[in-house]
Amino acid sequence: MATSNTSKLHIAMLPWFATGHMTPFLQLSNEFAKRGHKVSFFLPPKAELELQHMNYYPHLITFHTLTVPHVDGLPLGTETASEIPIGINNLLQIAMDKTSDQVDLALSKIKPDFLFFDHAHWIPQIANKYGIKTIFYHVMCAASIAIKFVPAKNVPRDRLMTLEELGQLPAGYPSSKVVLLGPEAIPMDYIQISFGEGNMTFHDRLTMALKQSDAIAIRTTREIKEGDFCDYIAAQYQKPVLLTGPVLPEEAYKGELEEHWAKWLDGFEPTSVVFCAFGSQVNLKKEQFQELLLGFELSGFPFFIALKTPLGCASVDEALPEGFEERVKGRGVVARDWVQQPLILKHPSVGCFVSHCGFGSMWESLMSDKQIVLVPFLADQALNAKLLVEELQVAVSVERGKNWRDIITKESFCKAIKSVMDERSDLAARLKNNHAKFKELLGNPALMNGYIDRFIEDLQQLPK
C-alpha cells in the first residue's frame, strides 16, 4: 500500500444505493481523482446513468456496475432508494447484500488500497482477504453517530409509532416502527428491526461496520462545531476519525442551468424567489403537499418548488390544489422533473432555500448566499436543522404542531418564509450576517483543499 504523500492510491467506493449517499461518495471520488488518484466506484446501472454527468475525471474514476437482484416486496427493477418509499429500504438492503459475491470477485481482481463503504457491513470481511484497508465513510453529521451508534449508547425502546402514521408510507406498505428523537423521528428499521439479510438491525449493522473498519471518515468540519462529536466517536471506537470537509466540488457550480429554468428565473428581481426542494427520498402525503403549495402562494413571493410526486398520486399535476396553477401563474412554478439544485441556488434571483436539511443540502445551503428555511422529516435532518438554527444561527425551522402526525399548515410555511425574506426584519438581517460569515469561512478554497489534502495524508499514514 502507498505510504508516501506523493504515491498515487487506488480507492474503491461502495455507497448505499441511495442518491444522498452515492452523490457524496462520488464528490469525494472527484477530489481524489483531481489529485491524480484512481477510483473504482461500485453502483447499480440506473445510478450510473444518473451520476455519470458528475464524474468529472472519467479517465481516473471507473464505474463498476452491480446487478441488483430482485427481492420479494420490491417493485420489479428497483435498484435505488429513490425509487421506493423509505419504509421498504430494508428490502433494498437485502438486495444490496446479495451483491456481495459480485463485489468479492471484483475486489479479487482490482485489489485497491482502500475501500470506502457505509451500509455494507460485510465489506471488511471480504476486504481483509485481499489486504485492502476499509474506511467507514459517514456522509451525515458526526452527531448522528455520536448520539445513536457508539458503544456507550443504548437504543431507546419506548415512544414508538409507525411510519404510516407519520405520513412516510402509503397505505398497503408494511409499517415500520420509528423512535422519536426530540420532536423529530427516525425510522426504527434503521435502529431496531431487521434491515437486510440475517435478521440484523440497522443499529447492529452500522456499529459492526464502524467496529470492523480500519478508520472512520466523516463528511464534516470542526468549523461547524462538530469537533467534539468526532473526538468522542474516536474515543468510543478506538480508531482514527478522519474529516473530509464538506466536499463540494467546484465543478458542480460551473455548468449551465437549463435554459427554460434560467429564462424563468431571469424574469424576477434579485433575491426575490423562494426555492424549495426536499431531496430524493421525502415523499409527502397529498394533503401535506397541497398545504405546502398553498403556504408558498400565501407568502406572496415568487417561488420555484421541486418535490417528488406525493404518495398515492400518479403525478404532480394530480396533486395540485384546485385552481392553484391559474392563481400563481407568472410567479410560481412546480417542477415535474429533477432540477439542478446547485445552479438554481447560484442564480441571483433566488433569495431563500426551503429545505429538508439533508446533509448534502445543508452544505449547499451554507455555501450559498440564500436565506434558509428548514423542514426536517427524519432524525438526522432534525440534528442538521438544530445545528443551523440553534448553533450556527443561520436559519429558521417551519413551526410544527405538538403532534408529529399533524399536517404542517400553510400559515406555518408562510410565516417562516416571510420571517427571513422581510428586508426590514432584525431576524432576517441577523441570519444573513451570520450566514455570510460561515460562507466566507467555509468557502475559502484553502480550507476545503486543506481538509482533502490532510485527509489523503492521514489515509497514507494508517498502519499497514
If I ask for residues that are of a type in the set (Phe, Trp, Tyr) and in contact with a Lys or Arg (Cβ under 8 Å, 6 or more places away or on another chain), which ones from the stretch 239-267 would you list? Tyr253
Would you check if there is a residue in the stretch 39-61 being over 24 Å from Asp113 (Cα atoms), of a type in the set (D, E, K, R) and within 20 Å of the chain's Cα centre (by Cα)? yes
Is at least one residue of the stretch 423-446 buried (at least 18 other Cβ atoms within 10 Å of the Cβ), touching a His at 6+ places or on another chain (Cβ under 6 Å) and closer than 30 Å to Glu291 by Cβ? no
So, Lys432, is that one at pLDDT 95 or above, touching a strand residue (DSSP E or B) at 6+ places or on another chain (Cβ under 8 Å) and part of a helix (DSSP H, G or I) or not? yes
Could you tell me whether the stretch 250-273 includes any residue that is modelled with pLDDT of 90 or more, in a strand (DSSP E or B) and under 28 Å from Thr80 (Cβ atoms)? no
Name the pairs whose Cβ atoms lie under 7 Å apart, with the first residue in the stretch 429-443 and under 17 Å from Leu387 (Cβ atoms) and touching a residue at least 24 places away in the same chain (Cβ under 8 Å), the second outside any helix (DSSP H, G or I) and of a type in the set (D, E, K, R), and 6 or more positions between them or separate chains? Lys439/Asp369
Considering every residue within the stretch 225-240, establish whether at least one is assigned to a helix (DSSP H, G or I), surrounded by fewer than 18 Cβ atoms within 10 Å (Cβ to Cβ) and basic (Lys, Arg). no
Would you mind finding the one in Ala18, Ala95 that is within 19 Å of Phe195 (Cβ to Cβ) and within 18 Å of the chain's Cα centre (by Cα)? Ala18
Quick test for you: out of Gly351, Gly332, Gly267, pick the one residue that is small (Gly, Ala, Ser) and either closer than 29 Å to Leu383 by Cα or under 25 Å from the mean Cα position of the chain (by Cα) (or both). Gly351
Name the single residue, out of those in the stretch 128-171 being among the hydroxyl-bearing types (Ser, Thr, Tyr) and either modelled with pLDDT under 95 or not assigned by TED's automatic domain parsing to the domain that holds Asp204 (or both), that is surrounded by the most Cβ atoms within 10 Å (Cβ to Cβ). Ser144
Which of (1) under 15 Å from Phe117 (Cα atoms); (2) in contact with a Ser or Thr (Cβ under 6 Å, 6 or more places away or on another chain); (3) of a type in the set (Gly, Ala, Ser) does Ser29 not meet, given it meets every other one? (2)
Are any residues in the stretch 96-127 small (Gly, Ala, Ser) and buried (at least 21 other Cβ atoms within 10 Å of the Cβ), and if so, which ones? Ala120, Ala127
Hits in the stretch 69-84 - residues which are touching a Leu at 6+ places or on another chain (Cβ under 7 Å), crowded, with 18+ Cβ neighbours inside 10 Å and outside any helix (DSSP H, G or I): Val71, Leu74, Thr78, Ile84
Failed item, numbered, when Leu9 is tested on (1) touching a residue at least 60 places away in the same chain (Cβ under 8 Å); (2) surrounded by 20 or more Cβ atoms within 10 Å (Cβ to Cβ); (3) in contact with a His (Cβ under 8 Å, 6 or more places away or on another chain): (2)
Determine, yes or no, whether Met200 is surrounded by fewer than 21 Cβ atoms within 10 Å (Cβ to Cβ), of a type in the set (A, V, I, L, M, F, W, C) and modelled with pLDDT under 90. yes
Would you call Ile193 more than 30 Å from Glu364 (Cβ to Cβ) and at pLDDT below 70? yes
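The values are calculated or read from the model by the stated rules, or taken from the named source; none is laboratory data. These numbers come from a predicted model, not from an experiment. No Cβ is skipped: glycine too gets one built from the backbone with ideal geometry, and neighbour counts run over all protein chains shown.
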